[in-house]
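The structure appears right after this line, and notes come after that.
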Amino acid sequence: MANDKDFFICRCEEVTLREIEEVIDEGYHTIDDVKRITRAGMGLCQGRSCGKVIARIISQKTGKPLEEVLQTGYRFPVRTEKLKALEEEGPSDAENN
Amino acid sequence: MVQSYDVLVIGGGIIGLSCGYYLTKQGKRVVVLESGGFADGASGACDDMILFQSKKPGINLELAFESLELYKSLVGELEDSLGFANYGGMVLIENERELEVMEEFVMQQRSYGLDVEILTKAAMRKKQPFLHERFIASTYSPMDSQAYPFAVMHKFARKGRQMGMQVVHKSPVVGIQKDGTGDFLVTTAQNMQYRAPHVVNAAGAWAGKVADLIGLNVPMEPRRGQIIITEKIPAIGETNLWSAKYLVTKLKPGIQIDSTEEEKRLGLAFALTRTEGDSYLIGSTREFVGYDKRTTMEGIRAIINQAVSFIPVLKDVNFIRAIAGLRPATPDGKMVLGEHAGVSGFFTAAGHEGDGISLAPITGKLLADMVCEGRSDARLEELSPNRFASNAKEVS
């Protein structure tokens, strides 16, 4: 029977709660650290679904306040875009941050 | 409070972690001081290539061969696949002039033992059916490989920790002194102090600033590389790709290649690699813009226009992220590796520019040999930091 920690937190990259907790236990306590090591949040949704859940897990495991863990930026583009949308000149609704 | 170690490594990117790992493996007590978090600098914002075809025959190509062998043994040693793969690589040739330069270059590389050849248009298209019609030929090397930088860094850190290595994040170094005992005393922004008889400056694009803290000269300029990342898509070709234009301008700066002003300003070159996550990384720019590591609309648009002109089907692919990293660039295009003549016990291992992933394992291993055994083979002389010591100060 599957363990209760073997479910996906990040569905885009199929990263489980167990994998995320292991990395936190190794001493990686920021969303960026966890993302870079596990790939959670690197997929199509870019962490928009799982980012806050991961922040909450980090907060619960480390005792750091949630607001502190949540301080991170999103990489351009803010939404996914077809390459051809930027191929032509002109403004785009994907903005740098 | 002062903590004592055998070696302080400044910089927790792939080079610093490799140095830390190999030093720890040789029995040294090591702390790696990283100014940011995990993979915060260039090692976390790059592609994943272990390229041979881009290396000038000479020390860089020799070390790349040795590094590849180390990667193969690290897969077992670090108990992880490290995203190591061997898809091979092709350099795309647009015209006769590029073909001429590449033919000569391929001959030189073959004489150094690199398995590389020129493919006809038909053979090229068989491997890369989605290429634009205009390419007349390409090179092909089955040796070009790749590794996933995040996995390599994480496993260097994990295995290193198991053997006693410390890695401390968010600890920018603000002071380096040598005290009466001959030890170095390194101070971080949090006012923590670390003491050791050896310091390794592996601070990448910041290596010049770190050397400056103890009065040494390491000429290092940050060179921004922007890259875009696509969604997961099925494979669009057999190998990784890049453009001859980049190699020709790097190897034969005298040759005039048709480039637009924008291409020159951005240092635009085509590079395409399939990642661990089945996305493609498409690059890239090589720009001197100081320590600004933001992505720009100009850069991203130039990369996209170029990519679609090379492989038209990419226009319907989504890109999900753009990244930028500061490659550490030296004036002569070679890394800096060795002990500084003026300050014994102070080493620099930095300046790999676009070769950091390729050369990380061999850099760490050679550095550890130098620190532990005072040994440095003669062929590494040309990488010594002392090559800049005499004249560089006068110039600046």
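Laboratory data are not the source of any read-out in this text; all were calculated from the coordinates shown. Computed from a predicted structure; not experimentally measured. Backbone-built Cβ (ideal geometry, glycine too); neighbour counts: all protein chains shown.
Some notes on this structure:
- The slack in the chain from B:Glu103 to B:Asn386, taken as 0.36 nm per residue of separation less the alpha-carbon distance, amounts to 98.4 nm.
- Cα pair count fraction exceeding 22 Å, expressed as % - segment B:314-396: 37 percent
- The translational diffusion coefficient of segment B:2-91, from Stokes-Einstein at 37 °C and 0.692 mPa s with a Kirkwood hydrodynamic radius over alpha carbon pairs, comes to 216 µm²/s.
- Trypsin sites (Lys or Arg not before Pro) lying in DSSP loop within segment B:1-78, provided at most 16 other Cβ fall within 10 Å: B:Arg29
- Sites B:Gln3 and A:Lys61, calculated FRET efficiency, Cβ-Cβ separation with R0 30 Å, nearest 0.05: 0.70
- Distant-in-sequence amide contacts of B:Val289, defined by a placed amide H-H separation under 5 Å and a gap of 5 or more residues or a different chain, comprise B:Arg224.
- Cβ-derived FRET efficiency at R0 45 Å, B:Val168 paired with B:Thr120, nearest 0.05: 0.25
- Hydrodynamic radius (Kirkwood) for segment A:8-87, which is based on Cα pairs only, to one decimal in Å: 13.0 Å
- Globularity index of segment B:157-252 is 1.64 (Cα radius of gyration / 2.2 N^0.38 Å, N = number of residues).
- Each of B:Glu77 and B:Asp212 was given a label point 7 Å from its Cα along the Cα-to-Cβ line. The distance between the two points is 3.5 nm.
- Computed lengthening from B:Lys264 to B:Gln193, 0.36 nm per intervening residue step minus Cα-Cα distance: 21.1 nm
- Between the helical axis of B:96-111 and the longest alpha-carbon principal axis of chain B there is an angle of about 50 degrees.
- Taken over the Cα atoms of segment B:241-380, the convex hull encloses 156 Å³ per residue.
- Globularity index of segment B:40-194, i.e. its alpha-carbon radius of gyration over 2.2 N^0.38 Å: 1.44
- Förster-model FRET efficiency, 51 Å R0, B:Arg29 and A:Leu70, C-beta, rounded to 0.05: 0.90
- Highest average packing first - B:30-36, B:291-297, Cβ atoms within 10 Å: B:30-36, B:291-297
- Taking a ≥ b ≥ c as the square roots of the eigenvalues of the Cα gyration tensor, an a/c ratio of 1.5 or more together with a/b no larger than b/c marks segment B:26-68 as oblate.
- For chain B, a Kirkwood hydrodynamic radius built from all Cα pairs, placed in the Stokes-Einstein relation at 20 °C and 1.002 mPa s, yields a translational diffusion coefficient of 100 µm²/s.
- Between helix B:14-25 and chain B: long-axis angle, C-alpha atoms, 0 to 90°, nearest 10: 50 degrees
- Taking the inverse of the mean reciprocal distance over all distinct Cα pairs, the Kirkwood hydrodynamic radius of the protein assembly as shown comes to 23.4 Å.
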